[in-house]
């Protein structure tokens, strides 16, 4: 029997090697994945998360709408807290929150008639006095030589966002989406409330740093939860509610600033709104997509999907859920249990000379079938007599002799194809230069989105007219841009929307910097805000669809760092504009020129990116789609 034993051992290895080669080819071939919408897999195979949503549960029904809507409510306090600084640091000089100490002082009266920071700072300190301390600027005397502190505190908040995006991104990958989301929200609300008791400017600035840490984790958590709950056909609109709620938070900020102009009272109101938002914790579930990829949490994911299917009026699939499509490559090896090859058994994988290594009961059934068979297979060509019992005994001998060798071969093959720890984001970028290049473009896009957004928003006080009216107009532009982007993103594509929006926004910023017409400045600034907001609404969706699930949150954290760099740069760009105002005639000239050029560059670079419209979110470390500019525009 040694010859047959060797043959049995060699028969197991090629089978598993073939399955291993198929899996590796699936992992490396960029065109094998997401090239088109996959049909429903065979009945004996498991389903991926997206397949379960598409074919059974529903991609965006009442169940998903409830989750997305509830999570998006956190955008209201987020928008309120993020841009709170705009209203608590209203320029008291421009708004005449001061008076001349002497009515006979002609120089002071001239500055009062046309108040500018440059002229005001030329007055002696004894020539004027504050009439109210509603603005944080007047409360801590942040004018003239100390005027830089206003924008410095803004930068500190964005430094906190830089820190928070990394911390909460990594935490979300480890413990899930829900707990970090609400922990970040609680942190931002608590820091806002504490800042109302600030005895000094530096205390307020420190609290703004903490607010930034929490606010960044809040935004990131909502984006992940919304994207991972919906199917691929509706991910384009899943992020819209969050942005709309953010804009409502900005509207609320304007309303509160009019009703409660004092900076302490306004800050207290913002903190209370953030605290009240925590009450939705019980109705926001964990991400089922994240749960399905965690050991021991599959049952929780199934239960969440069952609740969604009930609300959608659909049904749950009776098949098991796979963590990724690559799991299907091992279904024959693992017995179809979706365990990615971890439960390999020789009885289900190793073929032994026409027989499958089987337990004793199956061996007896095979022997009975052979005894009942009318035609006797030839076992040895030199034999002329083939008794039934002898044949059956020999078959049993073959199975018995080869079981041990087959099991050893199968175990060795299982070790060879056992799943390894997924590579980190850095390893993924190192192995795939195209992915690294796309990541650089996305970093530029995130940077340009946020630098332009905050230059326009934080600089709204430098535009002609009332800051409340100007800010409200910009928020209106944001809402229109968000709704329009959400309506078109699933028709025109992700990268097309982002590119066109950045090009429009960049051109508007350049136009605003080169006109002296008051109305034109307001209109062009609003269009610039429209463009960067439309891009901003689509960018998180596009980014989430580019990266595989094991590193998606980390990748979003990396991109959030780029956007925070853009946010941090915005206050300094405004400071640069203040120092160059005398040379260019406007404090907004340099900031708008710089962000306009950056937006145009980013908009052009996005044209080289692949389109993700209608593609499954990658579940494992597969090479991203290879299609770029021309083919993407035809999608």
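Values quoted throughout were computed directly from the atomic coordinates according to the rules given, and no laboratory measurement underlies them. Since this is a predicted model, take the numbers as computed values, not measurements. Methodologically, a virtual Cβ is constructed for each residue, glycine included, from the backbone with ideal geometry; neighbour enumeration extends over all protein chains shown.
Quick one: grab the alpha carbon gyration tensor of the stretch 431-485, order the square roots of its eigenvalues as a ≥ b ≥ c, and give me rounded if a/c is under 1.5, else prolate or oblate depending on whether a/b is larger than b/c. Present the calculation step by step, with values, prior to reporting the outcome.
Values: a/c = 6.97, a/b = 2.40, b/c = 2.90.
Taking the square roots of the gyration eigenvalues as a ≥ b ≥ c, the stretch 431-485 is oblate.
Would you mind getting me the FRET efficiency between residue 126 and residue 488? Use the beta-carbon distance for r and R0 = 60 Å, nearest 0.05. Could you put the intermediate results ahead of the total?
Working: r = 59 Å, r/R0 = 0.99.
My answer for the efficiency is 0.50.
Please report 185, 448, 200 as a ranked list, fewest other C-beta atoms within 10 angstrom at the top and most at the bottom.
Details: 185 26, 448 31, 200 9.
Final ranking by Cβ density, sparse to dense: 200, 185, 448.
Over all alpha-carbon pairs of the stretch 87-138, lay out the pair-distance distribution in 5 Å bins, whole %, shortest bin first.
4, 22, 34, 25, 11, 4, 1
Return 162, 152, 82 ranked ascending by Cβ neighbour count within 10 Å, so the fewest neighbours appear first.
Working: 162 21, 152 17, 82 28.
With the fewest neighbours first, 162, 152, 82 line up as 152, 162, 82.
For residue 434 and residue 272, compute 0.36 nm times the residue count separating them, minus their Cα-Cα distance, and round to one decimal in nm. If you can, show how the numbers build up before the last one.
On the way: separation 162, 0.36 × 162 = 58.32 nm, distance 4.63 nm.
Taking 0.36 nm per residue and subtracting the Cα distance, the gain is 53.7 nm.
Please compute the contact order of the stretch 426-562 in relative form: average sequence separation of alpha-carbon pairs under 8 Å and at least six residues apart, divided by the residue count, as a percent. Before the final figure, lay out the partial values.
Details: 133 pairs, mean separation 45.2, N = 137.
Over the stretch 426-562, the number comes to 33 percent.
Rounded to whole Å, give me the distance from the Cα center of the stretch 56-81 to that of the stretch 226-300.
The two parts, judged by their Cα centres, are 7 Å apart.
Pairs of alpha-carbon atoms within less than 8 angstrom and 6+ residues apart define the contacts here; what relative contact order does the stretch 122-237 have, in percent? All intermediate terms of the calculation are to be shown ahead of the outcome.
Values: 121 pairs, mean separation 37.4, N = 116.
Relative contact order for the stretch 122-237 comes out at 32 percent.
For a footprinting-style exposure proxy, rank 440, 291 by other Cβ within 10 Å, fewest first.
Numbers: 440 13, 291 23.
Ranking 440, 291 by Cβ neighbours within 10 Å, fewest first, gives 440, 291.
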